[in-house]
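The values are calculated or read from the model by the stated rules, or taken from the named source; none is laboratory data. Being a predicted model, the structure only gives us computed values, none of them experimental. All Cβ positions, even for glycine, are placed from backbone atoms using ideal geometry, and neighbour counts span all protein chains on display.
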Amino acid sequence: MKKRYSPVIMVAMATVALSPVAVAETFGGWAGKMFTPEQSAIAGPAADPDGDGMPNLLEYALDGDPLYPDATEVLPTSAVEGGALVFDFKRDTSRADVVLTVERSADLKTWSEAPSEVLSVRKSVEKRRASAKLGNGAYFRLRAVQQQG
């Protein structure tokens, strides 16, 4: 009597948990998603196709929509809280090719960098705050600079 052997197949299975990873985006990649090739004339960093006063670079940096007038939803806000001027803004950390800097002035002529703190984080978007005691004038602005390379 002949012995019959049946082939043995072994299958190994494993479960892998993946964590979401923020992938750095560039202005060019973002503009390519937001605009069609026919819209290239309005896709540059200084253009403001929706007319809301925010150039595309700022829309990109603050996670805005360049084709929808959303400045009131996206631009920084300021308020007086407990004797201090607070300046809140959002920063998308996946947008690595643009640097956002909070600047403070007492006279609107001379500006210097002001520290800000993270209040909350949702996905890759941080909500940040800068503050200054009221008194001799306190003004804030947010500067966006596109990094080359």
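Per the conditions (1) touching a residue at least 60 places away in the same chain (Cβ under 8 Å); (2) in contact with a strand residue (DSSP E or B) (Cβ under 6 Å, 6 or more places away or on another chain), the sole criterion not satisfied by ALA96 is (2). The residues of region 56-70 that are under 14 Å from the mean Cα position of the chain (by Cα) and surrounded by fewer than 19 Cβ atoms within 10 Å (Cβ to Cβ), listed by number, are ASP63, ASP65.
Of all residues in region 87-108, those satisfying the criterion of being aliphatic (A, V, I, L, M), surrounded by fewer than 16 Cβ atoms within 10 Å (Cβ to Cβ) and either touching a Ser or Thr at 6+ places or on another chain (Cβ under 6 Å) or over 20 Å from GLY137 (Cβ atoms) (or both) are ALA96, VAL99. For region 76-99, the set of residues classified as assigned to a strand (DSSP E or B) and closer than 13 Å to LEU58 by Cβ consists of PHE89, LYS90, ARG91, ASP92, VAL98, VAL99, listed by residue number.
Results for (1) more than 21 Å from GLN148 (Cα to Cα); (2) part of a loop (DSSP other than H, G, I, E, B); (3) among the β-branched types (Val, Ile, Thr), shown as yes or no for each residue.
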position	(1), (2), (3)
GLU25	no, yes, no
GLU38	yes, no, no
ALA46	no, yes, no
PRO49	yes, yes, no
GLY53	yes, yes, no
LEU58	no, no, no
PRO69	yes, yes, no
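The condition of being closer than 26 Å to ASN56 by Cβ and among the acidic types (Asp, Glu) holds for GLU73. Only one of VAL121, VAL102 is out of contact with any strand residue (DSSP E or B) (no Cβ under 7 Å at 6 or more places or on another chain) and either over 19 Å from ASP65 (Cα atoms) or part of a strand (DSSP E or B) (or both). Can you tell me which? Just one listed residue meets the conditions, VAL121.
Of everything in region 36-70, what is among the hydrophobic types (A, V, I, L, M, F, W, C) and over 18 Å from ASP92 (Cβ atoms)? Give them in sequence order. Within region 36-70, ALA41, ILE42, ALA43, ALA46, ALA47 meet the criteria.
Residue-wise test of (1) among the basic types (Lys, Arg); (2) modelled with pLDDT under 55; (3) more than 30 Å from LEU119 (Cβ to Cβ).
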{"site": "MET10", "(1), (2), (3)": "no, yes, yes"}
{"site": "ALA24", "(1), (2), (3)": "no, no, no"}
{"site": "PHE27", "(1), (2), (3)": "no, no, no"}
{"site": "MET34", "(1), (2), (3)": "no, no, no"}
{"site": "PRO37", "(1), (2), (3)": "no, no, yes"}
{"site": "ASP48", "(1), (2), (3)": "no, no, no"}
{"site": "MET54", "(1), (2), (3)": "no, no, no"}
{"site": "LEU62", "(1), (2), (3)": "no, no, no"}
{"site": "PRO66", "(1), (2), (3)": "no, no, no"}
